[in-house]
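Some notes on the structure that comes next.
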Amino acid sequence: MGNTMCMTKKEIREAGKNGIGSRSRRMERSKRRSLLEEELLHRQALSMAIQQHQLSQRFDGSISRRVGSTSSRRRNDLTDQLTNSKQLPEFLENIKTKKIVLIHGEGFGAWCWYKTIALLEETGLVPTALDLTGSGIDLTNTNNVTSLEAYSKPLIIYLENLPEDEKVILVGHSAGGACVSFALEHFPTKIAKAVFLCATMISDGQRPFDVFAEELGSAELFTQESKFLTYGNGKDKPATGIMFEKEQMHGLYFNQSPTKDVALAMVSMRPIPLGPMMDKLSLTPEKYGASRRFYIQTLDDHALSPDVQEKLVRVNPPEGVFKIKGSDHSPFFSKPQSLHKILVEIAQIP
């Protein structure tokens with residue numbers, strides 16, 4: 001009757017199967033594309049890391065201090081998208097500070113943020129990852145990095161060159177948190193917010209190493225007995241660095257990280273300069289104390305246990321605390337989506 005179309009039960013079932021099958025195929029294609037994109041990112045990052053490793057073997061360092069993108073093509077594509085779009089997403093328009101500066105932890109380099117950079121860029125934010133002195137592909141011999149100020153020099157230069165009317169959000173991972181604290185004390189007007197990612201959010205008069213004392217023992221005992229110390233100036237001179245063996249690194253930093261990222265780290269990690277870890281920070285209530293600080297806890301962390309992280313936020317309370325379940329000490333590898341979501345949420349806080 002009229003234009004009404006009648007279907008038998010068998011035809012209805014077949015149509016339903018076809019619909020489900022079509023959706024399933026689309027989901028499968030989308031999943032394959034995502035896996036291919038992730039594989040491409042891994043290959044790019046691993047290729048860059050191997051190149052960096054070869055350079056560090058030859059020159060003991062780097063040819064570049066800053067990584068602003070996983071690839072120039074990705075950055076240019078994103079710029080074109082934002083330029084051609086009629087308007088930015090509403091939440092992005094409400095974010096006052098879009099520049100996010102990523103500071104790696106001990107032994108790492110700018111390379112470790114490759115997933116975070118890609119995700120933040122896709123959101124429309126502007127991330128920059130820095131190699132600290134003697135880290136990543138920085139040319140400086142790690143044995144010659146003897147203070148926290150020297151270790152933080154690339155960050156200091158970046159903030160010194162930042163236009164007066166601009167501010168950034170600093171994100172510090174692990175011992176990189178001490179560099180963020182140093183920056184908060186010396187450049188308080190240039191930092192809108194500071195994020196400590198399972199980091200050494202130390203108090204006035206503390207050393208970055210003090211935070212790790214529960215896992216590594218007292219600084220005095222560690223410097224006398226640890227088999228992981230390196231002596232760049234000779235065995236008869238004081239230790240200059242720390243270099244964990246692969247087994248120890250895996251257990252401390254990567255107990256939940258994907259195998260490919262662990263492989264990337266193993267060819268990219270460099271010795272940790274000991275001087276900055278033993279340098280006491282002087283922090284004042286007027287500068288550091290007036291800053292907006294946020295802390296991200298990692299709840300399956302073997303390098304900086306959840307109990308230690310909880311103590312840090314209790315002793316030195318930040319404005320906000322976020323937690324990532326199932327993350328090891330390298331959440332940019334083990335939980336990149338969760339980390340990205342939290343960073344965007346912090347950026348949106350008025």
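Taking K and R as +1 and D and E as -1, what net charge do the other residues with C-beta under 15 Å from the C-beta of S282 add up to?
Values: positive: R207, K280, K287; negative: E149, E185, D204, D210, D279, E286.
That works out to -3.
Sort 323-331, 142-150 for me by packing, meaning the mean count of neighbouring Cβ atoms within 10 Å per residue, highest on top.
323-331, 142-150
Using a simple spin-label model with points 7 Å from Cα along the Cα→Cβ vector, what separation in nm is obtained for K227 and N94?
Result for the modelled spin labels: 5.5 nm.
Over the Cα atoms of segment 98-150, what is the Rg over Rh ratio if Rh follows Kirkwood?
1.06
Relative to the present Cα-Cα distance, how much length would full extension add between T259 and D236 at 0.36 nm per residue of separation?
Working: separation 23, 0.36 × 23 = 8.28 nm, distance 3.87 nm.
Between T259 and D236, full extension yields an extra 4.4 nm.
What is the packing order of peptides 253-265, 282-294, 112-124, taking the mean over residues of other C-beta atoms within 10 Å and listing the highest first? Intermediate values should be presented prior to the final figure.
Working: 253-265: 18.9, 282-294: 15.4, 112-124: 22.2.
With the highest mean Cβ count within 10 Å placed first, the list reads 112-124, 253-265, 282-294.
Where does segment 98-256 land on the Kirkwood hydrodynamic radius, alpha-carbon pairs, in angstrom?
Working: mean 1/r = 0.0597 Å⁻¹.
Every distinct Cα pair counted, the radius reaches 16.7 Å.
Nearest 0.05, what FRET efficiency do E149 and S203 give at R0 = 22 Å with Cβ-Cβ as r?
Working: r = 18 Å, r/R0 = 0.83.
With a Förster radius of 22 Å, E is 0.75.
Calculate, axis by axis, the spread of Cα positions in segment 304-349 along the three principal axes, and write the results as whole Å, longest axis first.
Reported extents, whole Å, longest axis first: 28, 26, 12.
Using 0.36 nm times the number of residues separating R292 and K246, minus their current alpha carbon distance, what extension gain do you get? Before the final figure, lay out each step's value.
Numbers: separation 46, 0.36 × 46 = 16.56 nm, distance 3.64 nm.
Going from the current span to full extension adds 12.9 nm.
Quick one: P(r) of segment 95-185 from all Cα-Cα pairs, 10 Å bins, percents rounded to integers, in order of increasing distance.
Pairs per bin, as whole percents: 16, 50, 29, 4, 0.
Between I349 and R314, take the C-beta separation as r, use R0 = 25 Å, and let me know the FRET efficiency to the nearest 0.05.
0.75
Could you give the length gained on full extension between E160 and H302, defined as 0.36 nm per residue of separation minus the Cα-Cα distance, in nm?
Answer, rounded to one decimal: 47.6 nm.
From the phi of every residue in segment 153-160, what ³J(HN,Hα) in whole Hz does the Karplus formula 6.51 cos²θ - 1.76 cosθ + 1.60 yield, where θ is phi - 60° and glycine or proline is x?
3, x, 5, 4, 4, 4, 6, 5
Taking N as the number of residues in segment 242-350, what is its Cα Rg relative to 2.2 N^0.38 Å? Mind showing how you got there, number by number?
On the way: Rg = 15.8 Å, N = 109, 2.2 N^0.38 = 13.1 Å.
My calculation over the Cα atoms of segment 242-350 gives 1.21.
Alpha carbons only, please: Rg and Dmax for segment 254-302, in angstrom.
Here Rg and the maximum Cα pair distance are 16.6, 45 Å.
Enumerate the calculated ³J(HN,Hα) couplings along segment 282-290 in order (Karplus 6.51 cos²θ - 1.76 cosθ + 1.60, θ = phi - 60°), each rounded to whole Hz, writing x wherever the residue is Gly or Pro.
9, 10, 10, x, 6, 10, 4, x, 8
Ignoring any ligand, DNA or RNA, what whole percent of the accessible area of segment 237-286 comes from carbon and sulfur when the probe is 1.4 angstrom?
Numbers: 1330 of 2280 Å².
Solvent-exposed carbon and sulfur of segment 237-286 make up 58 percent of the total.
Give the accessible surface of segment 232-342 per residue, rounded to a whole number of Å², with probe radius 1.4 Å and ligands, DNA and RNA excluded. All intermediate terms of the calculation are to be shown ahead of the outcome.
Numbers: 5120 Å² over 111 residues.
Per-residue accessible area for segment 232-342 comes out at 46 Å².
The values are calculated or read from the model by the stated rules, or taken from the named source; none is laboratory data. These figures come from a predicted structure and were not determined experimentally. FYI the Cβ positions are ideal-geometry reconstructions off the backbone, even for glycines, and counts take in every protein chain you see. Remember, those area values only see protein heavy atoms, side chains included, never the ligands or the DNA or RNA. Shrake-Rupley method; radii C 1.70, N 1.55, O 1.52, S 1.80 Å.
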